[in-house]
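Chemist: One structure follows; several queries about it will come next.
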Amino acid sequence: MPAEKNGRDGGVQSLQRAFELLEHLADTGGEASLSELASLSGLPMPTIHRLIRTLVDLGYVRQNTNRRYALGARLIRLGENASMQFGAWARPLLAELVEEVGETANLAVLERDEVVYVAQVPSKHSMRMFTEVGRRLLPHGTGVGKAMLAHLPSSDVRELLSRTGMPAYTEHTFTDPDALAVELERIASQGYALDEAEQELGVRCVAVAVPGAPVPAAVSVSGPSGRLTAEAVAHIAPAVQRVADALGASLSQAVTV
């Protein structure tokens, strides 16, 4: 049996190609045909077929009845555990943010069309915000979700909203995709998102997307609207931006190691 050729940086070529196929599947929305994967990867069809069959046997890819291939359920456990590890890694930076601004800090990622909170450091106030780690919400109704959506292509945002719908969490939640599109443009321009009691009445949130994250992610600070006044937001937003940038820089360094 011939030895595997080494890929970039001495890695095993077939392993490298298998992960690239998984990423191509993710880029296409989670489902593609063999011919589409061949076009995206530039690999010959026999190679793609061999790799896909191995991934199907392992449960990381599934074949649908229409003979297209989709990301498999076995990836869910890996993704959820990776998200939790990401949260544990970010906690020291979130703790620094809480010390600086005095309000609860959160980290969330976008997973399967939902915002998932993966870390939180609570404020020391007796009245403070609490979001259970692991909680899932739709992105249109949260500060972290809007911060992440603002950095996605508008076509991807429209497709996501068509899948999830836009139910109202409160009377302030965006429920119209056109109005949300205008809001996302404003967020992209100013560099941070505000949740103005859109997910929970009486709560304001300042959120910033993490640059360079392998999946959409955002850092936020949340608290009672009475404390997070416009004046407080002007002080908090730059602090959240610094922590999001620091987390993004840490991720970039980890990838290059």
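The values are calculated or read from the model by the stated rules, or taken from the named source; none is laboratory data. Please read these numbers as outputs of a predicted model, since none were measured by experiment. Glycine also receives a Cβ, built like all others from the backbone with ideal geometry; neighbour counts cover every protein chain displayed. Accessible surface is based on the protein model in full, side chains and every heavy atom, while ligands, DNA and RNA are left aside. Shrake-Rupley method; radii C 1.70, N 1.55, O 1.52, S 1.80 Å.
Chemist: Go through Ala88, Ala95, Ala73, Ala105 for me and flag whichever is at pLDDT below 80 and farther than 28 Å from Glu36 by Cα. Full working, then the answer.
Modeler: On the way: Ala95 fails: at pLDDT below 80; Ala73 fails: farther than 28 Å from Glu36 by Cα; Ala105 fails: at pLDDT below 80.
Going through Ala88, Ala95, Ala73, Ala105 in turn, just one is at pLDDT below 80 and farther than 28 Å from Glu36 by Cα: Ala88.
Chemist: Same structure again: Are there any pairs, at least 6 apart or on different chains, whose C-beta atoms fall under 7 Å, with the first in segment 184-205 and part of a helix (DSSP H, G or I) and the second open to solvent by less than 50 Å² (accessible area, probe 1.4 Å) and not hydrophobic (A, V, I, L, M, F, W, C), and if so, which?
Modeler: Leu184/Lys146; Ile187/Lys146
Chemist: Quick check, is Ala218 under 14 Å from His151 (Cα atoms), at pLDDT 95 or above, surrounded by fewer than 18 Cβ atoms within 10 Å (Cβ to Cβ) and of a type in the set (A, V, I, L, M)?
Modeler: no
Chemist: How about segment 123-180: which of its residues are outside any loop (DSSP other than H, G, I, E, B), out of contact with any helix residue (DSSP H, G or I) (no Cβ under 9 Å at 6 or more places or on another chain) and not charged (D, E, K, R)?
Modeler: Of everything in segment 123-180, those that are outside any loop (DSSP other than H, G, I, E, B), out of contact with any helix residue (DSSP H, G or I) (no Cβ under 9 Å at 6 or more places or on another chain) and not charged (D, E, K, R) turn out to be Gly141, Gly143, Val144, Ser155, Ala179.
Chemist: Moving to a separate point now. I'm checking my understanding of the structure. Among residues of segment 1-22 that are at pLDDT below 80 and of a type in the set (Asp, Glu), which one is most open to solvent (accessible area, probe 1.4 Å)?
Modeler: Asp9
Chemist: Something else now. Take the residues in segment 108-128 that are modelled with pLDDT under 90 and open to solvent by 30 Å² or more (accessible area, probe 1.4 Å), then tell me which one is farthest from Val221 (Cα to Cα).
Modeler: Across segment 108-128, the extreme among qualifying residues is Arg112.
Chemist: If you don't mind, another one. Of everything in segment 149-183, what is in contact (Cβ under 8 Å) with a residue 40 or more places away in the chain and farther than 22 Å from Ala213 by Cα? Give them in sequence order.
Modeler: Arg163, Thr164, Leu180 - these are the residues of segment 149-183 that are in contact (Cβ under 8 Å) with a residue 40 or more places away in the chain and farther than 22 Å from Ala213 by Cα.
Listed here are the residues, each with its yes/no results for (1) closer than 18 Å to Leu228 by Cβ; (2) open to solvent by 20 Å² or more (accessible area, probe 1.4 Å).
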| residue | (1), (2) |
| --- | --- |
| Asp156 | no, yes |
| Phe174 | no, yes |
| Pro177 | no, yes |
| Ser189 | no, yes |
| Leu194 | yes, yes |
| Leu201 | yes, yes |
| Cys205 | yes, no |
| Val208 | yes, no |
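Chemist: Now, a different point. Hey, Ser39 hits all of (1) at pLDDT below 80; (2) open to solvent by 60 Å² or more (accessible area, probe 1.4 Å) but one; which does it fall short on?
Modeler: Of everything listed in (1) at pLDDT below 80; (2) open to solvent by 60 Å² or more (accessible area, probe 1.4 Å), Ser39 misses just condition (1).
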